[in-house]
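In what follows, a single structure is set out as structure tokens and then discussed.
The values are calculated or read from the model by the stated rules, or taken from the named source; none is laboratory data. For clarity, every value in this text was computed on a predicted model and none was experimentally measured. A quick note on method: Cβ atoms are made from the backbone with ideal geometry, for glycine too, and the neighbour counts reach across all protein chains shown.
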Amino acid sequence: MPRRAVDPNQSFPALEQEVLERWRERDVFRESLRRRQGAEPWVFYEGPPTANGRPGSHHVLARVFKDIFPRFKTMRGHLVERKGGWDCHGLPVEIAVERELGINRKEEIEAYGIAEFNARCRESVFTYLEDWNRLTERIGFWLDLDDAYRTLDPSYIESVWWALKQIAEKDLLYEGHKVVPYCPRCGTALSSHEVAQGYRDVVDPSVYVRFPVKADHGAARAGDELLVWTTTPWTLVSNAAVAVADDLRYVRATAPGFPAPMILAEALVERVLGTEGVTVLDAFPGRELEGAAYEPPFGFIPASAYGEKGHTVLLGDFVTADDGTGLVHTAIAFGEDDFRLGQQNGLAVVNPVRLDGTYDERIAGYEGVKVKDADRDLIADLEARGRVLRVQEYEHAYPHCWRCGTPLLYYAKPSWYIATSRLHDRLLAANETVTWHPEHIKHGRFGDWLAGNVDWALSRERYWGTPLP
């Protein structure tokens with residue numbers, strides 16, 4: 001190519017258009033593939049975008065990273081076919097169609113007709129295909145879009161089924177009844193990866209509640225009050241047990257205005273009760289509270305519904321004195337630690353919350369109320385009955401649905417899982433073989449995620465997606 005003078009007033013966008021035109025004229029991308037025929041392949045499948053929404057600047061950034069490595073490997077002599085793809089399934093598509101139809105709940109989808117709804121989803125998935133194609137070319141991202149894979153095609157769905165079959169044959173696929181992060185608006189469980197995308201800082205009411213001890217038992221005396229702190233008052237209606245730590249030291253203490261001795265962790269007395277007028281009557285390890293029966297904060301669900309150990313103190317290995325009171329309110333259906341403690345002690349799972357996130361008929365006076373909306377009314381009820389030490393606002397990070405923004409519930413329900421936790425050591429070892437840029441990701445965000453890996457909740461209770469075989 002002959003040299004040409006450098007234009008001091010060169011328009012870089014115009015220059016880019018010249019480059020793109022030359023690439024089109026010479027079919028440069030296809031030529032790069034033709035010249036590598038027979039070479040060692042380096043496989044690249046694009047993690048597919050969803051074409052029912054317009055591309056944004058964040059897609060440009062992601063595609064720059066996606067372009068660097070295939071281009072580098074091509075220059076190193078590999079055949080890199082750069083397979084494009086389109087993510088055609090999932091809640092982003094469903095939510096967009098719901099908005100078009102004015103639908104807000106799963107029940108409305110069923111009333112509209114699942115087949116009809118899925119047909120609308122199918123029609124919508126390539127709404128902005130041309131926008132995506134223009135962006136792909138304009139940013140110089142070489143990608144085979146002529147033979148792109150599409151997640152709605154039978155061939156792709158069958159490939160997912162094939163993968164599940166391989167996983168099942170390795171005994172890594174199972175159906176379990178566990179507490180999962182659940183979106184009551186979308187009506188489906190989420191994976192831990194999805195949950196990580198939706199944390200928001202919120203202010204919720206937290207409450208210190210007093211649970212009267214019913215009879216002398218171990219270190220507890222009849223009339224003592226177990227002091228429990230929770231940031232989810234809505235779960236108190238289904239309190240099943242109170243958890244304490246085996247070796248943690250607890251005390252019976254009185255405070256001004258509260259004549260009945262309160263039981264809490266010794267290390268938290270000053271933080272919770274203060275110092276003025278507080279009298280410590282006794283100190284003992286948590287194990288001496290095990291089995292003590294108490295009056296629950298609400299009488300909606302009797303102790304017998306949970307079994308022999310309902311509304312008693314249990315030992316939990318997750319209890320600490322880092323915050324709260326050292327006594328943990330346990331609602332079996334609404335927390336992973338709670339659920340595990342219930343399993344260990346033979347407690348029945350009692351879940352008075354419907355799939356739409358509202359209380360059922362067992363919670364009289366609150367039936368049909370969204371649980372998060374009931375917090376302050378429930379606290380007012382407790383205050384009126386003299387069961388509250390104090391209420392305070394609590395700012396914390398709380399998971400929300402990354403698709404629709406609804407606060408998630410941790411909810412006991414059956415789901416299908418891939419037992420990724422059984423591969424824990426192999427996953428960590430594989431991470432050691434990866435060269436990360438930036439380096440801190442290796443043992444930071446990604447490494448921490450691998451170290452805390454839990455089984456992957458696979459199933460979604462929705463309509464427009466790959467059906468489970």
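Annotations
- Of the residues making up region 55-70, one or more are of a type in the set (S, T, Y) and without any contact (Cβ under 8 Å) to a residue 60 or more places away in the chain.
- With respect to the stated conditions, Y398 fails to be crowded, with 20+ Cβ neighbours inside 10 Å, under 21 Å from the mean Cα position of the chain (by Cα) and not in a helix (DSSP H, G or I).
- Taken together, the criteria place D455 among residues that are among the acidic types (D, E), more than 28 Å from E107 (Cα to Cα), modelled with pLDDT under 95 and within 15 Å of the chain's Cα centre (by Cα).
- From A293, A303, A331, residue being surrounded by 15 or more Cβ atoms within 10 Å (Cβ to Cβ), farther than 25 Å from H177 by Cβ and assigned by TED's automatic domain parsing to the domain that holds V242: A293
- Extreme residue, farthest from the chain's Cα centre (by Cα), among residues of region 72-117 that are under 16 Å from C401 (Cβ atoms), basic (K, R) and assigned to a helix (DSSP H, G or I): R99
- Members of region 350-383 that are surrounded by 17 or more Cβ atoms within 10 Å (Cβ to Cβ), aliphatic (A, V, I, L, M) and closer than 29 Å to N104 by Cα: V350, V353, I363, V371, A374, L378
- Test: residue in region 209-232 that is in contact with a Gly (Cβ under 9 Å, 6 or more places away or on another chain), over 28 Å from A245 (Cβ atoms) and either among the charged types (D, E, K, R) or without any contact (Cβ under 8 Å) to a residue 60 or more places away in the chain (or both): no
- Only one of G113, G102, G84 that is of a type in the set (G, A, S) and in contact (Cβ under 8 Å) with a residue 40 or more places away in the chain: G84
- The C-beta contact set for region 26-46 (first residue without any contact (Cβ under 8 Å) to a residue 60 or more places away in the chain and under 14 Å from M75 (Cβ atoms), second residue small (G, A, S) and exposed (fewer than 14 other Cβ atoms within 10 Å of the Cβ), distance under 6 angstrom, 6+ apart or interchain) comprises A39/G77.
- Candidate set from region 231-279 (those that are hydroxyl-bearing (S, T, Y) and surrounded by fewer than 22 Cβ atoms within 10 Å (Cβ to Cβ)); member that is nearest to Y366 (Cα to Cα): T232
- Every condition in (1) surrounded by fewer than 16 Cβ atoms within 10 Å (Cβ to Cβ); (2) modelled with pLDDT under 95; (3) β-branched (V, I, T); (4) under 44 Å from the mean Cα position of the chain (by Cα) is met by V6 except one, and the failing one is (4).
Conditions tested, residue by residue: (1) at pLDDT 95 or above; (2) under 27 Å from S459 (Cα atoms); (3) touching a strand residue (DSSP E or B) at 6+ places or on another chain (Cβ under 9 Å).
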residue	(1), (2), (3)
G53	no, yes, no
V97	no, yes, no
N104	no, yes, no
E107	no, yes, no
E110	no, yes, no
A115	yes, yes, no
E130	no, no, no
N133	no, no, yes
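- Per-region count, region 123-168, residues free of Cβ contacts under 8 Å to residues at least 40 places away in the same chain, of a type in the set (K, R) and surrounded by 13 or more Cβ atoms within 10 Å (Cβ to Cβ): 0
- On inspection, E18 fails the criterion of being loosely packed, with under 12 Cβ neighbours inside 10 Å, farther than 30 Å from R99 by Cα, modelled with pLDDT of 95 or more and not hydrophobic (A, V, I, L, M, F, W, C).
- Listed by position, the strands (runs of 3 or more DSSP E) enclosed by region 241-327 that each have at least 1 residues that are over 33 Å from the mean Cα position of the chain (by Cα) and either among the polar types (S, T, N, Q) or at pLDDT 95 or above (or both) are 249-255, 258-265, 279-285.
Table: residues versus (1) outside the structural domain of L423 (by TED's automatic domain parsing); (2) touching a Ser or Thr at 6+ places or on another chain (Cβ under 9 Å); (3) part of a helix (DSSP H, G or I); (4) closer than 28 Å to D455 by Cα.
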| position | (1), (2), (3), (4) |
| --- | --- |
| V160 | no, yes, yes, yes |
| Y182 | no, yes, no, yes |
| R210 | yes, no, no, no |
| V228 | yes, yes, no, no |
| V237 | yes, no, yes, no |
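- Test: W436 is among the aromatic types (F, W, Y) and either touching a residue at least 12 places away in the same chain (Cβ under 8 Å) or crowded, with 16+ Cβ neighbours inside 10 Å (or both): no
- For region 138-158, the set of residues classified as part of a helix (DSSP H, G or I) and over 21 Å from C88 (Cα atoms) consists of R138 only.
- Verdict on L341 being assigned by TED's automatic domain parsing to the domain that holds A253 and under 14 Å from N239 (Cα atoms): yes
- Residues that are within 16 Å of T230 (Cα to Cα) and in contact with a Ser or Thr (Cβ under 8 Å, 6 or more places away or on another chain) within region 376-400 comprise V391, Q392, E393, Y394, H396, listed in sequence order.
- In region 17-53, the residues that are in contact with a Leu (Cβ under 8 Å, 6 or more places away or on another chain) and acidic (D, E): E40, E46
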